[in-house]
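One structure is given below, encoded as C-alpha cells.
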Ligand code: UDX
C-alpha cells in the first residue's frame, strides 16, 4: 500500500520505517526542513534504539523517503497518517493547532478525481477531534472528494518503540466507516496482534484511558512506597506479591521518583480537562496528578533530612537526566525536578546520563551542574550519590565502587535499582523509595 506519514516525531519517525518494513511504500513528511535534512543524511533527531539502522535499511530498499513537500507526500497515498505533536496547552488541554493545520492543508491539496483515501490520526487527541478533522478536510477539499477518517492510537513507549510497534498487544482502529476499517485491517493484517475495531470516539478514548490508567498504577505504587517508608514494609516485595495476581499484573509497579515524559503528564491533564469540560469530576485523575507532582519532592526531601537545608559546599553525583531509561528525552523528567530542588538549597552536581547529557544541559543549564561522561566520573569525589533514571547500567554498579568514590555513607536510589542489603553490608546507608528495612 502507499502511505504518507505526516510528522516525524516519536510516533511518525518510528511508524514510517516500520510500515515500510511491512512491505508498504511510505513517504514521511515534516514541515521542518532541518529535521528532514538530518533524517535524509542518516542522522536521527531523536535517540531511539535501532531507529537509525532501520531507517537506513528501509531508505536503501527504496520504500521509505522523507520530504517537506506535503503535496508530493499525499499525492499517491491510500492512507495518510497524522502524527504531529499535540503538546499541553496552558489550561491542560491538548494543543491541536498542528492537527487542524495538517487537516486544512490536506483538504486544500487533494484534487478533484483523486482516489479514495483514509485520513488517520495517530497523534493522541481528545474525543471528538477526528470528527473535526473530517469537517476541516471537507470544508477545504473539492466538492465530492471521497475520503474517510479513522483514529489509530499508538501505544509505543520511548526507548522500546520499534519493538513495541512490531509486537503490539493490540491494534486499535476507530472509524465510523466500514470502508476505512477494511483498509486499515488490510494494513495491519501482517501483525498477529488482535485488531480492536471501534467507533471514532471510543478509539480516541482508549488511548487516554490506557495512558492515564498506567499513570495511576505507577502513582498507586508510589504512594504505597511512601506508606511502606512509614511502616517498615518493602515496596519491592509488596509489588512482587501484588503483581503475581493475574488481575493486577507485575508491570508498571516500580516505585520511583514519579512519572514524566511527553505522554503521561500531558495525557492525564488533557483527560482531566475533557472531564471538567463535560461537567465531570474525575477524582482519580486529580489525585494522580497531585500525588505525582510531589513524588520527586518527596525523594529530594530524603536528602534534605540527611544533610539539612543548607547544601552549599556539597556535591552530589547524579545518575540520570532522562525521564526514564533508554531515551534522551528530558520532558517533565523527575530526575531534573530532583536536581532543581536540591540546587535550590545550594547543592552542586556532577551528572551523567548515557544519552541525555545534551538535552539535559539545555533544560538545566550549567549553574552548579557539571556534565560528565561516565558513571565513575559522576561519583568520584562527591559527597553522596543519587540514582535518578532507570538506566540498566545504574543497577549494575558495584556498591564497593560507590563506597570508594563518595565521601559520606549516604546513597539515594530514586529507582530502587540497588540491593539495599549489599549496599549496607559495606557500611553505607541506603535510601530508596519505600524500602525501609
Ligand atoms: C507511555 C506509554 O507507556 C505508551 O504506551 C504511550 O504510547 C506513551 O506514553 P513513555 O512515555 O515512553 O510511554 O514511557 P513509559 O515507559 O510508559 O514510562 C513513563 C514514566 O513512568 C517514566 O517516567 C518512567 O520512569 C515511569 N515509570 C514507569 C515508573 O516510574 N514506574 C514504572 O513501573 C513504570
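Please treat every number below as a calculation from the coordinates, not as lab data. What you are looking at is a predicted structure, and each value in this text was computed from that prediction instead of being measured. Neighbour counts run over all protein chains shown; Cβ positions are idealised from the backbone, glycine included.
Brief remarks on what is shown
- Some residue of the stretch 21-28 being assigned to a helix (DSSP H, G or I), more than 16 Å from the ligand (Cβ to nearest atom) and over 20 Å from the mean Cα position of the chain (by Cα): yes
- Hey, residue 14 over 23 Å from the mean Cα position of the chain (by Cα) and either crowded, with 24+ Cβ neighbours inside 10 Å or within 16 Å of the ligand (Cβ to nearest atom) (or both) or not: no
- Summed over the stretch 227-272, residues that are buried (at least 18 other Cβ atoms within 10 Å of the Cβ) and assigned to a helix (DSSP H, G or I) total 15.
- Some residue of the stretch 208-217 being within 8 Å of the ligand (Cβ to nearest atom) and touching a helix residue (DSSP H, G or I) at 6+ places or on another chain (Cβ under 6 Å): yes
- Among the residues of the stretch 287-323, those that are out of contact with any helix residue (DSSP H, G or I) (no Cβ under 7 Å at 6 or more places or on another chain) and assigned to a helix (DSSP H, G or I) comprise 287, 290, 293, 294, 301, 302, 304, 305, 306, 307.
- The listed residues are 153, 115, and the only one of them that is touching a helix residue (DSSP H, G or I) at 6+ places or on another chain (Cβ under 7 Å) and without any contact (Cβ under 8 Å) to a residue 60 or more places away in the chain turns out to be 153.
- Of all the listed residues (274, 315), the sole one being away from the ligand (no atom under 13 Å from the Cβ), in contact with a strand residue (DSSP E or B) (Cβ under 7 Å, 6 or more places away or on another chain) and in contact (Cβ under 8 Å) with a residue 40 or more places away in the chain is 315.
- Residue within the stretch 278-291 that is within 30 Å of residue 50 (Cα to Cα) and within 16 Å of the ligand (Cβ to nearest atom) present: no
- Failed item, numbered, when residue 346 is tested on (1) surrounded by 22 or more Cβ atoms within 10 Å (Cβ to Cβ); (2) closer than 19 Å to residue 301 by Cα: (1)
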